[in-house]
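Just below is one structure, and these are the notes that go with it.
Bear in mind these aren't lab numbers, they're just calculated from the coordinates by the rules spelled out. Just so it is clear, the structure is predicted and the values come from calculations on it, not from any experiment. Cβ: placed from backbone, ideal geometry, glycine included. Neighbour counts: every protein chain shown.
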C-alpha cells in the first residue's frame with residue numbers, strides 16, 4: 001500500500017530560518033499556492049536569516065514563515081532527477097544575520113498546481129472564511145488516495161496549497177541522500193498547518 005507524508009520542516013535551533021515577509025516581491029503569494037511566478041520573479045532575490053532564530057546552518061529544507069518550500073542546490077538536483085511533480089525553481093540569495101551572503105544557490109521549489117484529494121470527512125481543521133472550499137488551518141490530515149495520480153511523488157493539496165505531500169518512496173530516497181531540515185509527518189498525526 002502506498003503511503004504519503006506531509007513534508008514539514010525541522011525546527012532545530014542550529015538551522016537558520018527565514019521569517020521576514022518579502023514586501024517588494026511581486027506576486028509573493030504565488031509560490032505558496034503553486035501558481036507560476038515566471039518572469040515576475042527577480043532571479044537571485046535576497047532573503048535574510050531571521051534574527052529570532054540564531055542558527056546559521058543552512059539545511060537542505062529551510063524553515064520559513066512564508067509557506068514556501070525553500071531548498072538547497074543539493075535538494076534541487078535530487079528533485080530534478082527523482083521528482084515527478086512540475087516544479088518551477090526560483091533561485092534566491094540567502095543572507096546571514098550580518099547581511100552577508102551565506103549562499104547564492106538556494107531555491108524556492110514552487111510545485112505548480114494542486115491535487116484535490118483531501119478526505120474532508122476525516123480531516124480536522126478550520127475552514128477558510130476567505131477561500132471557500134479551503135482550510136485556513138489543518139490539525140489532522142487524511143487523503144483520498146484513489147484521487148491521487150499514482151505517478152505523483154510530491155504535490156500540493158488543493159484544500160490548503162502550502163501543504164506539500166511526499167510519497168514514501170521519494171521520502172526514503174531523500175533520507176538515504178542525507179537531506180537535512182526535513183520532517184515527515186504521517187497522515188492523521190497531530191499537525192498544525194496554517
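Some notes on this structure:
- Scanning region 121-149 for residues that are in contact with a strand residue (DSSP E or B) (Cβ under 9 Å, 6 or more places away or on another chain) and in a loop (DSSP other than H, G, I, E, B) turns up 122, 123, 128, 129, 130, 133, 134, 141, 142, 144, 148, 149.
- Just so you know, in region 161-190 the residues that are part of a loop (DSSP other than H, G, I, E, B) and in contact with a helix residue (DSSP H, G or I) (Cβ under 7 Å, 6 or more places away or on another chain) include one that is surrounded by the fewest Cβ atoms within 10 Å (Cβ to Cβ), and it is 177.
- Among the residues making up region 98-120, those that are over 27 Å from residue 151 (Cα atoms) and out of contact with any strand residue (DSSP E or B) (no Cβ under 8 Å at 6 or more places or on another chain) are 98, 100.
- Within the option set 78, 69, 82, being within 25 Å of residue 169 (Cα to Cα), touching a helix residue (DSSP H, G or I) at 6+ places or on another chain (Cβ under 7 Å) and buried (at least 16 other Cβ atoms within 10 Å of the Cβ) holds for one residue only, 78.
- Of everything listed in (1) surrounded by fewer than 22 Cβ atoms within 10 Å (Cβ to Cβ); (2) out of contact with any helix residue (DSSP H, G or I) (no Cβ under 9 Å at 6 or more places or on another chain); (3) over 16 Å from residue 9 (Cβ atoms), the single unmet condition for residue 34 is (1).
- Just so you know, in region 22-31 the residues that are more than 16 Å from the chain's Cα centre (by Cα) and more than 21 Å from residue 56 (Cβ to Cβ) include one that is surrounded by the most Cβ atoms within 10 Å (Cβ to Cβ), and it is 25.
- On inspection, residue 61 passes the criterion of being closer than 22 Å to residue 154 by Cβ, buried (at least 17 other Cβ atoms within 10 Å of the Cβ) and in contact with a helix residue (DSSP H, G or I) (Cβ under 8 Å, 6 or more places away or on another chain).
- A count restricted to region 1-19 and to residues that are part of a loop (DSSP other than H, G, I, E, B) and either surrounded by 17 or more Cβ atoms within 10 Å (Cβ to Cβ) or within 16 Å of the chain's Cα centre (by Cα) (or both) stands at 4.
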